[in-house]
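See below for the structure under consideration.
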Amino acid sequence: MYRTHTCGELRLSDAGKQVTLAGWVQRIRKMGSLNFVDLRDRYGITQLVTDDNGPREVTDILNQLGREYVLQAKGIVAERQSKNSKIPTGDIEIKLSKLTILNPAVTPPFTIEDQTDGGEDLRAKYRYLDLRRNPLKNALMLRHTMALEARKYLDGNNFMEIETPCLIKSTPEGARDFVVPSRMNPGQFYALPQSPQQFKQLLMVAGYDRYFQIVRCFRDEDLRADRQPEFTQIDCEMSFVEREDVLQMFEGLVKHLFKTVLHKDFTAPFLRMPYDEALAHYGSDKPDMRFEMLIHEITKNVQGKGFSVFDSAKYVGAIAVPGCADYSRKQIDELTEWVKRPQVGAKGLIYIKLNTDGSIKSSVDKFYSPEELKNIAEVVEAKENDLILVMCGDKHKTQVALGTTRLEMGNRLGLRDNSIYKPLWVYDFPLLEWDDETQRFYAMHHPFTAPKPEDMDKYYSDDKYGLAEVKANSYDFVLNGTEVGGGSIRIHDSKVQHRMFEILGFTKEQAEYRFGFLMNAFKFGAPPHGGLAFGFDRFCALFGGQDTIRDYIAFPKNNMGRDVMADAPSYIDDVQMKELYITSTAPKQEEK
Ligand code: ASP
């Protein structure tokens, strides 16, 4: 037996026991004649001790040790002289009788400590060493617990976990596909699933009325902190349901996770908000509800006073930033530069300060009397000492710019506390999004999402503006300004689905070629159905209080989609290329 106990297990009540531990050397210390080794495994750290007069074999080995050596230690559990209250095993130590090196280790390229000296790239290259550190270990533990609890809840509600294939025909979710060449079918490619969307719908046709899967999805899109080319969803689908049934069921899942993983009780129903309201008041389809600072439209209040910038704008909106009336000229200038960055997209910034002495000061004093400015302040629900920020332009773009500024000011004021959770359902999204560049509609969620029944007339009309107004029977689950889940009631009627493909610009033949199997299945008795998927990595990161999902994935990719540890993607040799009937137009790789 390599070990009788783990390194996190022994307590004072075990004193006197003969034990064997195994693990990695965290630290070696000498104090007078005493020699200490901290031995670490997944479960914790236990102190080993011997003095210079201890067994010869032990002291000989001690002298050879380095960090991260793998050891087996035998000895007796004893009460410690100086206890360490910071670790659960801090009351005891092991008086060594035997020490065996199971494997030596070269010096690691960074310290395996909670606060490490290793940079991000180095840690990514040696991910298996980084994973030895507590922050990552705890992140993966959290992920494990969340997956386990999700399975318990869903199993308890009659959901069956069913696997769907990875080598498939494309399922569009709005990203590029990763594709895999088929050796046995020259010139043909599989796509990796952007989601199991069509398969879960087929499972509904097959009668498996409650399906879920914790499943890997693949999307070839530009990456950022909360995106990876392969990521995990808790993917779910139900038959014979309306939107309300779906929301109730998965609100239950989220509450279960809060309770069992974070020990937080959410008894009240989650807030709900229509998409239009989210945009109007938060400038985003994923509002962060941890703070107010709502956007208010003031177009009517500011036009007709001779200020041409506002007069010519389609929309003027504002937020009141609490307690910031003392912003200096320099700070306002800096903020103005900030809002003009392409990521924010505003053309400029007008301010109104509600000073604590009751006076009011703005960058448009020339055009507006104090009375008029006070009126604006009222509409914006501003209070004394608030700084009102005003932007104008195209309605949607300005709302989004105000929304981005709202989040920035929330950050600056410390209003986005990661230990506070504000869940929200956003619903009634537009079904379609018009793209000026390609002059066509795209599905806002995906092309299998049902239009709301009351919008069916518009859905069948050829009027572009009417189509743009059709609402989808869809919903997103939003947590602290992050979209964690999304889904919809699906189209289950092949005629309605055909119309959708037509709106999206597919010819009959194209639709048949790409989605024929689904359309065909719908002819054989498809039940009304709907579902959703949670972005599992994001969910874990939010529960862990982090913004980046990378720590919650054992082996993530970097910003360029590279696995820097394994050095993938990589070139394949000519023989393999030939077998796959592939030639590359990429510049020739450097001879290695
Ligand atoms: N397949 C969708 C997605 O990946 C989720 C859903 O509609 O159930 O976003």
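Quick note: the coordinates plus some simple rules give every number you see, no bench work behind them. Since this is a predicted model, take the numbers as computed values, not measurements. Cβ: placed from backbone, ideal geometry, glycine included. Neighbour counts: every protein chain shown.
Annotations for the structure displayed:
- Scaling against 2.2 N^0.38 Å puts the C-alpha radius of gyration of the stretch 51-209 at 1.71.
- Couplings for the stretch 412-422, taken from phi via the Karplus curve 6.51 cos²θ - 1.76 cosθ + 1.60 with θ = phi - 60°, read 4, 8, x, 8, 10, 6, 5, 8, 9, 10, 10 Hz in order; Gly and Pro are left as x.
- A simple spin-label model places the labels of A268 and N185 5.3 nm from each other, with each point 7 Å out along Cα-to-Cβ.
- Semi-axis lengths, largest first, of the ellipsoid equivalent to the stretch 332-380 are 24, 11, 10 Å, with √(5λ) applied to each eigenvalue of the Cα gyration tensor.
- All aspartates and glutamates inside 19 Å of K557 as judged from Cα atoms, apart from same-chain residues fewer than 8 positions distant: E120, D121, D130, D177, D220, E221, D222, D226, E230, D537, D547, D567
- The DSSP beta bridges internal to the chain are antiparallel in roughly 90% of cases.
- Positive dipole terminus of the chain, leading residue within M565, L62, Y475 (C-beta point charges): L62
- Cβ-Cβ distance of M577 and R176, R₀ of 22 Å, FRET efficiency by 1/(1 + (r/R0)^6): the value works out to about 0.55.
- At full extension, A105 and D365 could sit 86.5 nm farther apart than now, given 0.36 nm per residue minus the alpha carbon distance.
- Sequence-ordered 3J(HN,Hα) estimates for the stretch 552-561 from the Karplus curve with 6.51, -1.76 and 1.60 and θ = phi - 60° stand at 9, 10, 4, 10, x, 9, 8, 4, 9, x Hz, glycine and proline given as x.
- Radius 12 Å from Cβ of D91, net charge of other residues (Lys, Arg +1; Asp, Glu -1): +1
- Net charge, E68 excluded, C-beta distance under 11 Å - Lys, Arg +1, Asp, Glu -1: +4
- Dipole check for the chain: with +1 at the C-beta of Lys and Arg, -1 at the C-beta of Asp and Glu, and the Cα centre as origin, the magnitude is about 1520 Debye.
- Given charges at beta-carbon only (K, R positive; D, E negative), |dipole| of the stretch 466-587 in Debye: 480
- Per-q log10 I(q)/I(0), the stretch 289-345, q = 0.13, 0.14, 0.26 Å⁻¹ (Debye; single scatterer per alpha-carbon; no solvent): -0.48, -0.56, -1.14
- Charge dipole magnitude, Cβ of K and R +1, D and E -1 - the stretch 358-482, Cα centre, debye nearest 20: 440
- Taken over the alpha carbons of the chain as equal point scatterers, the Debye sum produces base-10 log I(q)/I(0) values at 0.07, 0.08, 0.09 Å⁻¹ of -0.61, -0.77, -0.92.
- Dividing the helix sum by the residues of the chain, where each DSSP H run of 4 or more adds -39500 (n - 2.57), gives a mean residue ellipticity at 222 nm of -8500 deg cm²/dmol.
- Once the Cα atoms are used to define both axes, helix 134-156 deviates from the longest principal axis of the chain by about 60 degrees.
- Each semi-axis of the equivalent ellipsoid for the stretch 206-286 is √(5λ) with λ an eigenvalue of the Cα gyration tensor; in descending order they amount to 23, 22, 17 Å.
- Potential extension, D155-K95 segment - 0.36 nm per residue separation minus Cα distance: 16.8 nm
- Cα long-axis angle, helix 243-262 against the chain (0 to 90 degrees, to the nearest 10): 30
- Under 5 Å, built H, 5+ apart or other chain: amide partners of R176: D220
- Under 19 Å from the Cα of K347 - lysines, other chains or at least 8 residues apart: K314, K330, K395, K397
- Whole-angstrom gap from the stretch 524-592 to the stretch 144-200, using each part's C-alpha centre: 13
- Separation between Cα centres of the stretch 80-136 and the stretch 227-259, rounded to whole Å: 38
- S570 paired with R80, simple spin-label distance in nm, labels 7 Å along Cα-to-beta-carbon: 4.4
- Pairs of Lys residues in the stretch 120-215 that lie 8 or more places apart, or on two chains, and have C-alpha atoms under 27 angstrom apart add up to 4.
- If you plug the beta carbon distance of S419 and N63 into 1/(1 + (r/R0)^6) with R0 = 56 Å, you get a FRET efficiency near 0.75.
- Formal net charge of residues neighbouring E502 (Cβ-Cβ distance under 13 Å; K, R +1; D, E -1): +1
- Charge dipole of the chain about the Cα centre (unit charges at C-beta), most positive-ward option of A124, I491, P451: A124
- Here's the list of aspartates and glutamates a cross-link from K17 could span, going by alpha-carbon distance under 15 Å and ignoring same-chain residues fewer than 8 apart: E9, E79, D91, E93.
- Amide H contacts of K169 (H built 1.01 Å from N, under 5 Å, at least 5 apart or other chain): A191
- ³J(HN,Hα), Karplus 6.51/-1.76/1.60, whole Hz, each residue of the stretch 69-76, x for Gly, Pro: 4, 9, 10, 10, 10, 10, x, 10
- Length added when fully stretched, E381-E433, from 0.36 nm per residue minus Cα-Cα: 15.5 nm
- Beyond 25 Å in Cα-Cα separation lie the following of the pairs K30/K74; K452/K523; K300/K464: K300/K464.
- Label-to-label distance, R440 versus D51, with points set 7 angstrom from Cα along the beta-carbon direction: 8.3 nm.
- Per the Debye calculation on the stretch 142-278 with a single equal scatterer at every Cα and no solvent contribution, log₁₀ I(q)/I(0) for q = 0.09, 0.10 Å⁻¹ amounts to -0.35, -0.43.
- Under 5 Å between amide hydrogens, built in the peptide plane, is the criterion, and for R440 it picks out D435 among residues at least 5 positions away or on other chains.
- Positive-end extreme of charge dipole, the chain - chosen from F555, S363, Q18 (charges on Cβ): Q18
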